[in-house]
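Here the structure comes first, spelled out in structure tokens, and everything after it is commentary.
The values are calculated or read from the model by the stated rules, or taken from the named source; none is laboratory data. None of the values given here were measured: they were computed from a predicted structure. Note: ideal-geometry Cβ built from the backbone for every residue, glycine included; neighbour counts use all protein chains shown. These area figures cover heavy atoms from the full protein model, side chains too; ligands, DNA and RNA do not enter into them. Shrake-Rupley method; radii C 1.70, N 1.55, O 1.52, S 1.80 Å.
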Amino acid sequence: MLARMTSEPEQQIGVGTPDAFQRLWTPHRMAYIQGENKPTGPNAEDGCPFCTIPTKSDEDGLVLARGEHVYAVLNLYPYNGGHLMVVPFRHVADYPDLTGEETAELAEFTKHAMRTLRAISGAQGFNIGMNQGSVAGAGIASHLHQHLVPRWGGDTNFMPVVGHTRVLPQLLGETRRMLADAWHDVR
């Protein structure tokens, strides 16, 4: 199915009822929907992207910063511009299984990420959380990760509500570079 997808505009006769809305198609999200980059099993060696990302360069892995126990990385399938995650290096699924050091550094990275996003993008609020287990909505349940989604007044307009589409004003590589450059300057 993905092999037949194209980024070229395509006339689709009879799709939906005419209603004065233009449609913005986001076929790149199909990779996520179909499970691209998801592990084949619960172990680190089963293709866990959160275990693979730290082996890449910061640019290739979209890594913003690395600590001793956790790292901050942009979400490859963001809900909003600047959507990032704080992830332990250790392949661990359940929050109570984190060590005290991992928990403390995860919390500090979260606070620092909030300050950085506020400084760089003027974020007015955040959705912060983690989904524990696939039944709770975790896309990759075998490796704990905490989401930080920056929010701005009016960012829930007709596009996501009616069109079920997010408009991201910047490429991920540019967002990564901007946040990574500011990460060490923000206190």
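Summary of values
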quantity	calculated
Normalised per residue, the volume of the convex hull around the Cα set of segment 37-87 (Å³)	87
Probe 1.4 Å - accessible area at Glu59, Å² to nearest ten	110
Spherically averaged projected area in nm², based on the convex hull that wraps the Cα atoms of segment 63-111	3.7
For Leu98, solvent-accessible area (1.4 Å; no DNA, RNA or ligand), Å²	20
Pairwise centroid distance, computed over Cα atoms, of segment 101-132 with segment 40-54, Å	23
Solvent-accessible area of Asp60 with every protein chain in place, 1.4 Å probe, in Å² to the nearest 10	120
Formal net charge of residues neighbouring Asp181 (Cβ-Cβ distance under 14 Å; K, R +1; D, E -1)	-2
